[in-house]
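Reviewing the structure listed below.
The values are calculated or read from the model by the stated rules, or taken from the named source; none is laboratory data. Fair warning: this is a prediction, and the values are worked out from it, not measured in the lab. Virtual Cβ from ideal backbone geometry, glycine too; neighbours counted across all protein chains shown.
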Amino acid sequence: MLWTRVTPTSDAVPGSGRGPSVTVGYEVAEDAVFKRVVRRGSATTGPAHDHTVKVDATGLRAGRTYFYRFTFDGHRSPVGRTKTAPTGSVSQLRFGVVSCSNYQAGHFAAYQHLAERGDLDAVVHLGDYLYEYGPGEYGAFRAHQPAREVTTLAEYRMRHGQYKTDPQLQQLHAAYPWIITWDDHETANDAWSGGAENHTEGAEGTWVSRRAAALRAYHEWMPIRFGAGDTIYRRLRFGSLASLSMLDLRSYRAKQGTPGSLTGPDQMAFLRESLLDSDVQWKLVGNPVMFSPLLVPPLPLAVGTALASLTGQSPDGVVLNNDQWDGYSADRRALISLLADNGVRDTVFLTGDIHTSWAFEVPVDAGTYPLSRTVATELVVPSVTSDNIDDLTRTPPRTSSVAVETALMGLNRHLKWAELDSHGYAVLDVRPAEVRMSWYFLADRQRADSPAALAKSVVVPAGTQSIR
Amino acid sequence: MRRRSFLRAAAGAVVLSAAPGVAFGAVRPGRRVYVVVLDGLRPDEVGPSLTPHLVALQGEGTYFPRARSLPVMETIPNHVMMMTGVRPDRTGVPANSVYDRLQGAVRTMDRASDLRFPSVLERLPALGSRTGTVLSKEYLYGVFGTRASYRWEPAPVLPVTGHAPDVFTSQALRAMVDSADPDLVFVNFGDCDRVGHSDVTGSVARSVAVRSADAQLGSFVTHLRETGRWERSVLVVLADHSMDWSLPTALISLQPVLDADPVLRGNVVIAQNGGADLLYWTGSEADRPLAVARMRSVVEAVEGVLSVHEPAWLRLGPEAGDLVAYCRAGWRFSDPKPWSNPIPGNHGHPATSPIPFLIAGGDPVVRKGVVSSAAASTIDVAPTVGALFGLPSPHGDYDGTVRREAIT
């Protein structure tokens, strides 16, 4: 899926509804200088699509790198690079994994580091690609446009347009294909099927119309195959080595704190089918919110309050983190049973949302772990920029959080590692022998040129559902 | 009548027998293949702490982390599949325990006549190679009968478990290699499984048994190196099934449920296989279709039952009866009585299908340090062994696949 936006006239800015309908040409080539062009064509756009252009470049060969560019009115766009998914026997895949990229909280240096390494097959973004808040409402390092919380189609378009002007974000889009899903902030904080925590019915319009506006802008502005009536949850295959099931855990969920489903019945059936697929080794699940059960110990109030703001829990320490799978335990139990009953191996949840870094073994019974079996692993990536514990407690990194991490691991024996302070990205290596997740942390989220360094690597050996 | 000849080896502690006309002691050149079954080993037990020798062998071979046991995930059918390369609807051996309609009794499939399909154990000797079996369990010794050129009768056999401890199996294996040197040896180490059955989840005893089985494997590799055989050896190391543990509160007894039904009462016999129950309609032939449908609906409603299948759907033959019921993970069947199956460790159900599977060795034909995403299974052993010896496929071909990922 190739994406760009064209500005045919100076007034045709995002969300304006102005400007003519135009036709944009595109070329796909096997080389960066377009000597071997394999596809050529054109696409029409206009104000009805906010002048965004999406081309589904079909007929390409599997497992190959391609280069593409757009042409309009004698101008050529910068060259983008993409890669098709491999088929058959695959020996290695490498993904960059990110989530929670709040423009107002810092620079997207993580994106630049992933772009510059140049060795990824794709970028997996697990949601909260952008945030709905107005300036200063959630981070004040740089200001959101438009200067208010976005609720209408024009405003969501403008916000998407602003994010797409970030040079580091542009760089990462141009470097690899992206595999994306949304979490809540693409619409509004703590969204569920009928509303959101950060939505005031009436004053901010109806949830139905707000959500439709957010989804339409998302559809226009994101490089995703998503036609009318399509679901955003979907499955990608990488030969016999891996599948990646991207979930939508906002559109079908019951309201937080009420009994009901997180996935909805159709998506649950889809996920069961993904996990029972006997033709594929690694069943990767692009999972916007944390799957593993998590008990939070009593913590110093300042830290507890900060953690609660990320997990939706009481600062005094409670069992339930009800915006995550913890709040929908029937769905989680059904999946854990499915994995155990059928002897399913090599399921790995790749998770975002919580702004912090975690590595879990998913036990059949957390109460009897480690004596009972594990059925999967879960690897959680930190935010690109969004606040985490040191930001929220306004303490230096690696001070107040260290004791919290230790306490969490003591109470949750299936939690193998946690780091609550750092921002950055992860790189996931998938091979028949193992999955390796490497977390890279930024020195300073507010520096565009922040260095990043490898902070932690964990290995999930094939067939073990364990973290080493 | 020509008789098998006998040899006392290892200071008289091991007695081996040879097929008529086959001598002991002949040292011959050529490739050796050793199929080593670590009975009941779970793939998640494979790691540097519990199975250091198996992990070391991974570096000298090709490992298949997606490998599976096939229905019914029991010892006898999977050993039979390993040596024949075909599914139970062709071998005639679908489970450890079946209801024998002629005999009118539930019995173990431990007779040589139960196995109807030619195995590599007798097909290789027909081409001039020699084969040997070192099987720790009496019923395996029984079902393979005199097919191999050389065989060891398990001894001493423990009462209750019906198997020889690994230390004796290991001694017999070395004696077999030293005194007969067969081209193919099929060996089963039973401790891991036997301890697993009586054990509770992941206890120290199970860990000790796994470590001990791994140590036997290590000592066998050392023996092959020390006797100069390693450079022409191929080892296929795998399990026949894995193991799942249940508490007495998670026990399914179908017989009383079936007998509570007015139509089914007294007309259904169950062959209990731990994690799988085979159900046989014994009433009139005319009533069978309706009765089987009724059995299915009754059984599907029982808590702990995962699924109910027609045997043909699982590639099981008529020996498997009319329906096969699987339990869920953490459960077990106990039939005909709730006290019939007191053991916590069981297999036979899908939760116990993941197995370790490794092809290693010093023979240059083996690909070293490879991990493959291919879906290997127990049924692939015979075709792979056959390919290593240039043995033609059997009549009707194999159901399994040559694991070419592991060989050059």
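What's the total number of residues in segment A:87-133 that are in a loop (DSSP other than H, G, I, E, B) and either closer than 19 Å to A:Gln446 by Cα or of a type in the set (Val, Ile, Thr) (or both)? Before you say what the answer is, go through the steps one by one.
Going residue by residue through segment A:87-133, those that are in a loop (DSSP other than H, G, I, E, B) are A:87-92, A:100-102, A:106-108, A:118-121, A:126-133.
Narrowing the set further to residues that are either closer than 19 Å to A:Gln446 by Cα or of a type in the set (Val, Ile, Thr) (or both) leaves A:87, A:90, A:100-102, A:106-108, A:128-131, A:133.
Qualifying residue count, segment A:87-133: 13.
When segment A:63-95 is filtered for residues that are surrounded by 15 or more Cβ atoms within 10 Å (Cβ to Cβ) and within 14 Å of another protein chain (Cβ to nearest Cβ), the ones remaining, listed by number, are A:Pro86, A:Val90, A:Ser91, A:Leu93. Checked against the criterion of being within 12 Å of B:Ala325 (Cβ to Cβ), without any contact (Cβ under 8 Å) to a residue 24 or more places away in the chain, under 31 Å from the mean Cα position of the chain (by Cα) and surrounded by fewer than 14 Cβ atoms within 10 Å (Cβ to Cβ), segment B:287-300 contains one or more residues that satisfy it.
Residues in segment B:183-228 that are more than 17 Å from B:Ser136 (Cβ to Cβ) and modelled with pLDDT of 95 or more: B:Asp183, B:Leu184, B:Gly218, B:Val221, B:Thr222, B:His223, B:Leu224, B:Arg225, B:Glu226. Annotation: A:Phe238 fulfils all but one of (1) within 25 Å of A:Val384 (Cα to Cα); (2) in contact with a strand residue (DSSP E or B) (Cβ under 6 Å, 6 or more places away or on another chain); the unmet one is (1). Of the residues contained in segment A:164-177, none is found to be surrounded by fewer than 18 Cβ atoms within 10 Å (Cβ to Cβ), assigned by TED's automatic domain parsing to the domain that holds A:Glu116 and in a strand (DSSP E or B). Taking the conditions exactly as written (within 17 Å of the chain's Cα centre (by Cα), within 21 Å of B:Pro356 (Cβ to Cβ) and surrounded by fewer than 21 Cβ atoms within 10 Å (Cβ to Cβ)), does B:His197 satisfy them or not? Yes; evaluated as a whole, the condition is true for this residue. Residue pairs whose Cβ atoms lie under 8 Å apart, separated by 6 or more positions or on different chains, with the first residue in segment B:46-68 and without any contact (Cβ under 8 Å) to a residue 24 or more places away in the chain and facing another protein chain (nearest Cβ under 8 Å) and the second part of a helix (DSSP H, G or I) and not acidic (Asp, Glu), are B:Gly47/B:Val55. In segment A:1-86, counting only strands (runs of 3 or more DSSP E) that sit wholly within it, the ones holding 1 or more residues that are closer than 22 Å to A:Glu155 by Cβ span A:2-5, A:37-45, A:52-55. Only residues that are under 17 Å from A:Lys283 (Cβ atoms), part of a strand (DSSP E or B) and either away from chain B (no Cβ under 14 Å) or of a type in the set (A, V, I, L, M, F, W, C) (or both) were counted across segment A:423-468, and they come to 5. Within segment B:338-385, being within 12 Å of another protein chain (Cβ to nearest Cβ), part of a loop (DSSP other than H, G, I, E, B) and of a type in the set (A, V, I, L, M, F, W, C) holds for B:Ile355, B:Ala374, B:Ala375, B:Ala376.
Out of curiosity, is B:Ala325 within 30 Å of B:Leu217 (Cα to Cα) and within 14 Å of chain A (Cβ to nearest Cβ)?
Values: within 30 Å of B:Leu217 (Cα to Cα): no; within 14 Å of chain A (Cβ to nearest Cβ): yes.
In short, no.
Only one entry of B:Val204, B:Val234, B:Val221, B:Val195 meets the criterion of being in the same structural domain as B:Val402 (by TED's automatic domain parsing), among the hydrophobic types (A, V, I, L, M, F, W, C) and out of contact with any helix residue (DSSP H, G or I) (no Cβ under 9 Å at 6 or more places or on another chain), and that entry is B:Val204.
Within segment B:387-405, restricting attention to residues that are over 19 Å from B:Phe64 (Cα atoms) and not hydroxyl-bearing (Ser, Thr, Tyr), the residue that is nearest to the other protein chains (Cβ to nearest Cβ) is B:Asp397.
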